[in-house]
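What follows draws every value from the coordinates through simple rules; no lab data is involved. What you see is a predicted model; the values in this text were computed from it and never measured. Here Cβ is always computed from backbone atoms with ideal geometry, including for glycine, and neighbour counts include all displayed protein chains.
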Amino acid sequence: MDNQPIPNIPLPQQQPPLPQQTKEQDTNRKLKRWNIIIGIIDVILLLLLIFWPKQCNRDDIDAAVEQAGGNTGYMGMKLVWNDDGQHINVDFDAHAHEPNGEHIYYMRHNHNKGGAPTALGGYLDVDMLHNHLGTCAENILWPSKEKLADGVYHFSVYNFIEPGYDRIYDQHNRGFKAKIYVGNKSFTYNVSQDVPREQYVKIADVTISNGELADIKHYITPQ
């Protein structure tokens, strides 16, 4: 058998590079996909902002008290409830006891009723009733630290029921939000469970020394 020469078989050539126009089209398609993904994420975030259950944070408390005509002093407690508009017949009252024994609440040192401040300068300037439609607020404050005495200031909230009108008050509620502040220090509290009728809820005891916050005892864990 004669030896036949092996034919030369051409090796496969590499694919030619993509034209510049094809590369640009591929890049544009990728950019369009990313733009679509980013657009979907933006829509989801917007829907979350619109429909996420509203929580009354520190700024919401300040805004609600300010809208009700309340002021911010050097020290005080701000109280807000019914921000969901579901329990209009609930009447929470803000209470504060000074070291000298003075009691600030709706019956005493109430600016709305013409009451004078305490000897230490404390008073209540917002006192909303149970049948207020929408967000309710109360506000106790001491305008400056010059009159503050050393000692412990007790802050609490009371679920008030007017005698003879207990049938018109809601049996249940969703609690309240409160904020206690001294100077530039503040503490926000959220009581989300039902508060029984005619019951006090202790918020905090604030100890003042030389006009400054020396200590605070929280009865409710602040946010």
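Taking 0.36 nm per intervening residue step and subtracting the Cα-Cα distance, what contour gain separates residue 209 from residue 190 on full extension?
4.1 nm
If I take R0 = 25 Å and measure r between the Cβ atoms of residue 200 and residue 63 in this structure, what FRET efficiency does the formula 1/(1 + (r/R0)^6) give, to the nearest 0.05?
Working: r = 27 Å, r/R0 = 1.06.
With R0 = 25 Å, the Cβ-Cβ based efficiency is 0.40.
Please list 33-39, 119-125 highest first by mean number of surrounding beta-carbon atoms within 10 Å per residue.
On the way: 33-39: 10.0, 119-125: 21.1.
Order by mean packing, descending: 119-125, 33-39.
Show me, bin by bin at 10 Å from 0, the whole-percent P(r) of segment 53-127 based on Cα pairs.
Going out from 0 Å in 10 Å bins, segment 53-127 shows 17, 48, 27, 7, 0 percent.
What residues of segment 68-100 lie in the reach of a label at residue 129, counting those whose backbone N is under 14 Å from a point 7 Å from the Cα along Cα→Cβ?
89-92
So what's segment 58-218 giving for Cα Rg divided by 2.2 N^0.38 Å, two decimals?
Working: Rg = 14.9 Å, N = 161, 2.2 N^0.38 = 15.2 Å.
In units of the globular-protein estimate, segment 58-218 measures up at 0.98.
Bin by bin, in steps of 5 Å, what percent of the Cα pairs in segment 138-223 do you find, going until the bin that has the longest distance?
Reading upward from the zero bin: 3, 12, 22, 20, 15, 11, 9, 5, 2, 0.
Contact order normalised by length for segment 58-218, with contacts defined as Cα pairs under 8 Å and 6 or more residues apart; what percent is it?
This gives 27 percent for segment 58-218.
Which links in 145/202; 113/185; 177/202; 113/217 stretch past 21 Å when you go from one Cα to the other?
145/202; 113/185; 113/217
Take each of the peptides 110-118, 158-166, average the number of other beta-carbon atoms within 10 Å over its residues, and list them starting from the highest. Numbers along the way, then the final one.
Working: 110-118: 14.8, 158-166: 12.8.
Averaged packing, sorted descending, gives the order 110-118, 158-166.
Ranked highest first by the average count of other Cβ atoms within 10 Å around their residues, in what order do 64-73, 172-181 fall?
Numbers: 64-73: 18.0, 172-181: 21.8.
Descending mean neighbour count gives 172-181, 64-73.
How large is ³J(HN,Hα), in whole Hz, for each residue of segment 32-46 in order, when computed from phi with the Karplus curve 6.51 cos²θ - 1.76 cosθ + 1.60 and θ = phi - 60°, using x for Gly and Pro?
So the Karplus estimates, Gly and Pro as x, are 5, 4, 5, 5, 5, 4, 5, x, 5, 4, 4, 5, 4, 4, 5 Hz.
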